[in-house]
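A short worksheet on the structure shown next.
The values are calculated or read from the model by the stated rules, or taken from the named source; none is laboratory data. Quantities reported herein were computed from a predicted structural model and do not represent experimental measurements. Here the Cβ positions follow ideal geometry from the backbone for every residue, glycine too, while neighbour counts run over all protein chains shown. Surface accessibility is based on the protein's heavy atoms, side chains included, excluding ligands, DNA and RNA. Shrake-Rupley method; radii C 1.70, N 1.55, O 1.52, S 1.80 Å.
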Amino acid sequence: MEQTNLFFDFLDTRKKAVEEEVASLAADGRKDESNILKAKANIYDISKAVYNAALKSNGENKIAAAFPPAFEKITSQWSKSLEAAKVHEDSHKILIEESKMAAVSEITKEFNEIFNL
């Protein structure tokens, strides 16, 4: 349970930091940049939902093995979307997907550290 609390604290802290940056950008009139980061903020909630589903299905003892493939199943779609945006040279979509993938990288790294993977 301690590892779950650490992971959720990390997710909450990062989401709050991104939301503060979103608000700051919006206040500066940088709405496009603000909107791109909103997608990143949502990734932290999605991670919690995936973690909770994996926890419910597998239990605390197996969460370290259950979460990564469940999270990868979701995030692989974002990776494919990024590649498609690059092929179509859709710069706005590229920025959104890169922002999401940056959050995925942070989340994966922190999860691995917390669970000693």
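Here are some notes:
- Within the range 18-32, considering residues that are within 20 Å of the chain's Cα centre (by Cα) and open to solvent by 100 Å² or more (accessible area, probe 1.4 Å), the one farthest from Ile46 (Cα to Cα): Asp32
- Test for Glu89: is it at positive phi and without any contact (Cβ under 8 Å) to a residue 24 or more places away in the chain: yes
- Flag if Lys80 is open to solvent by 40 Å² or more (accessible area, probe 1.4 Å), on the phi < 0 side of the Ramachandran plot and assigned to a helix (DSSP H, G or I): yes
- Selection status of Ile43, assigned to a helix (DSSP H, G or I), open to solvent by less than 50 Å² (accessible area, probe 1.4 Å), over 25 Å from Leu117 (Cβ atoms) and touching a residue at least 40 places away in the same chain (Cβ under 8 Å): no
- The range 83-107: number of residues that are open to solvent by 50 Å² or more (accessible area, probe 1.4 Å), within 19 Å of Glu33 (Cβ to Cβ), over 12 Å from the mean Cα position of the chain (by Cα) and of a type outside the set (S, T, N, Q): 4
- Among the conditions (1) more than 16 Å from Asp12 (Cα to Cα); (2) at pLDDT below 95; (3) in a helix (DSSP H, G or I); (4) open to solvent by 20 Å² or more (accessible area, probe 1.4 Å), the only one that Leu37 does not satisfy is (1).
Each row is one residue, and each column tells you yes or no for (1) small (Gly, Ala, Ser); (2) farther than 21 Å from Leu82 by Cβ; (3) in contact with a helix residue (DSSP H, G or I) (Cβ under 6 Å, 6 or more places away or on another chain); (4) in a helix (DSSP H, G or I).
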| position | (1), (2), (3), (4) |
| --- | --- |
| Asp12 | no, yes, no, yes |
| Ala17 | yes, yes, no, yes |
| Gly29 | yes, yes, no, no |
| Glu33 | no, no, yes, yes |
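- Of all residues in the range 1-23, those that are free of Cβ contacts under 8 Å to residues at least 60 places away in the same chain have Cβ atoms under 6 Å from Cβ atoms of residues that are open to solvent by 50 Å² or more (accessible area, probe 1.4 Å) and part of a helix (DSSP H, G or I), 6 or more apart or on another chain, in Val22/Lys38.
- Residue in the range 7-17 that is surrounded by 15 or more Cβ atoms within 10 Å (Cβ to Cβ), within 11 Å of the chain's Cα centre (by Cα) and modelled with pLDDT under 95 present: no
- Across the range 52-64, the qualifying residues are those that are free of Cβ contacts under 8 Å to residues at least 12 places away in the same chain and over 18 Å from the mean Cα position of the chain (by Cα), and the one among them that is least open to solvent (accessible area, probe 1.4 Å) is Gly59.
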